[in-house]
Amino acid sequence: MLADAIHEQDASAELWLALGPDPDGTRLARALFCFSLTAARAGKPVELVIRTGRELRIWPFAADGSLTDTTAATDEAWQNVADTIAVHLDAVRAEAAARYREGRLTRRQPGAITALDTADRAVDTAATAHRDADRAHTDARRAAATVRTELTTLRGRITAARAEITRLDTEAREARTRYDDTADEERGLHARWQRARAEVARLEEAVAASPDADPASPDGRDALAAAVERAAALQEQGRALHQRREDDLDTAETARDEAQEIRTGLERALARETTLAGNLSRAETAVTGAARTLRQAETALRRATGARDAIQDQVDGIEAELIDVRDELTEQARRHAQAWEDLPGLTEALDTGRRAEGLGDGPSLRGTVSSAPARPTRAGRLRGQPLPAPPPETTATDTTATDTTATATGTVAAPRHDGHR
C-alpha cells in the first residue's frame, strides 16, 4: 500500500500521478479514492499532484483523508464523494465479513449433517428399545390382572380404602402446610397493625395538641383519619387470616382422624388376603420392574430425540444462516458496485466545482518539483509506463521537495471486491 511507503519520520507526503487519458473520469475517481484512503491510513497529510497532458492539478488531503481546500461552493460535492467512498468501503468490509461467515458455515455444515445421521440412528435404536419395554410392561400388567380377578371384591375395598387414605393424608398435609406457611404472614400483619395503632396514637396526640392546625398537614386530621382507616383495614386482614388458619388446622385434624379410622378397617381387610396378597405382590413387583424399565426406555428415547432435534436445529440454523449470509453478500456487492459506479460522476462534479473556484491549479501548494505536464505513455505491453524523457533542453528543471515525494505513473487500480487492495 502507498501508506506503507511513506516514511514514518515524514510529517507529510507529496505523491505524483500521471493520470493518462480519462474521458469518463474513472481514473480521477480511482485516484481520489486511493489517495484519500492513503492519507487516512497513514495518518498524515498527503498532497496528490495529478499530471495530465495539459496541466497539473493539486488535491491536498488532511491526515483523516478529507480534502482540505474545499469552499462553500465545493463542500457539498466533496461530501458526496466522501460519503460514496465510505459506502463503498463499508460495503466491501461487510462483504468480507459475510464471506468469512459463509466459509465458516460451509465448513460446519458437513459435520452437522453427519452428526444428524448418527443421531437419527440413535433415535431409531432408542425407539426399538422403548417398544420392547412397553410390550413387556403390558404383559406384566396382564399377568397381574389375572391374579387380581381372584381378589376382585377384596382388592376393590383395599384400593378404595388406600385411595381415600391417600386423599385424606394429602388433604391433611396440605391444610397443615397452609397453616404453617401463613404463620409469618399473621405475625407480620399483627406487627403492622401495632405500628398502625401507634401511628394513630401519635397523630391523635398531635391533633389534640394543635386542634387548630391545617387538617391537610402531615400531622393533621386528614392524616389521622387515613391512619385510623389503615389500622382498621390491617386489623380486619389479621382477623380474616387468623380465621383461615384456624379453619386449615381443623381441616388437617379432621382429615387425620378420618384417615386413621379407615386405616383401622383396612388392617382388618388385609388380614384376610394372606395367600392371595402374596401372589398379587409378586405380580405387582413384576409390573413395577417392567414400569421402571419402560421409564428408563422413555428417558433414553427422550434424550436421543432431544439430541437429534438439537442437531436438526443446528443444521436448519446453518442453512438459514447461509441463505441470509448469501443474501448479504449479494446486497453488499450491489452496494459497493453501485458506489463505485457513482464515484466518477461525483468526482467529475467536484473537479468542475474546484476549477470554477480556482482551486487545484498548479504549482503545488507545498512547493512542487515540476510544473510540466505528464509525458505520453507507451502502448502495448509496456502500457502505463512513460516514454523516454525529451532532450535535456526541453526538460524542466526539478527541485527536491521538502517532504516525501513519490511519482506514480499509469492507471490507479480499482479496489478489489474481497476487501483487499
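Annotations for the structure displayed:
- Tail beyond 27 Å, pair distance distribution of the stretch 178-313 (Cα, percent): 65
- Efficiency of FRET from Cβ geometry, E76 and R326, R₀ 45 Å, rounded to 0.05: 0.75
- Stretching the chain fully between E357 and D124 yields a gain of 75.9 nm (0.36 nm per residue, less the alpha carbon separation).
- The calculated FRET efficiency for D316 paired with A96, based on their beta-carbon distance and R0 = 22 Å, is about 0.25.
- Between T170 and R282, full extension at 0.36 nm per residue minus the direct alpha carbon distance yields a gain of 37.5 nm.
- Between the listed residues A240, A198, V228, the Cα displaced farthest toward the positive end of the dipole of the stretch 191-280, a dipole computed from Cβ unit charges relative to the Cα centre, is found at A240.
- Taking each residue as 0.36 nm, the span from R268 to D134 lengthens on full extension beyond its C-alpha to C-alpha distance by 44.6 nm.
- Förster-model FRET efficiency, 35 Å R0, E261 and D180, C-beta, rounded to 0.05: 0.90
- In order through the stretch 171-182: 3J(HN,Hα) via Karplus (6.51 cos²θ - 1.76 cosθ + 1.60), integer Hz, x for Gly, Pro: 4, 5, 5, 5, 5, 5, 4, 4, 5, 5, 5, 9
- Close amide-amide hydrogen proximity is noted between W16 and V49, A406, T407, A408, each under 5 Å apart and 5 or more residues distant or on a separate chain (H modeled in the peptide plane; Pro and chain starts excluded).
- Estimated inter-spin distance, A240 and R295, nm [label 7 Å along Cα→Cβ]: 4.2
Here, each number is a calculation from the coordinates, and none is a lab measurement. Bear in mind the structure is a predicted one, so any value in this text is a computation, not a measurement. As a convention, Cβ positions derive from the backbone with ideal geometry for all residues, glycine included, and neighbour counts pool all protein chains shown.
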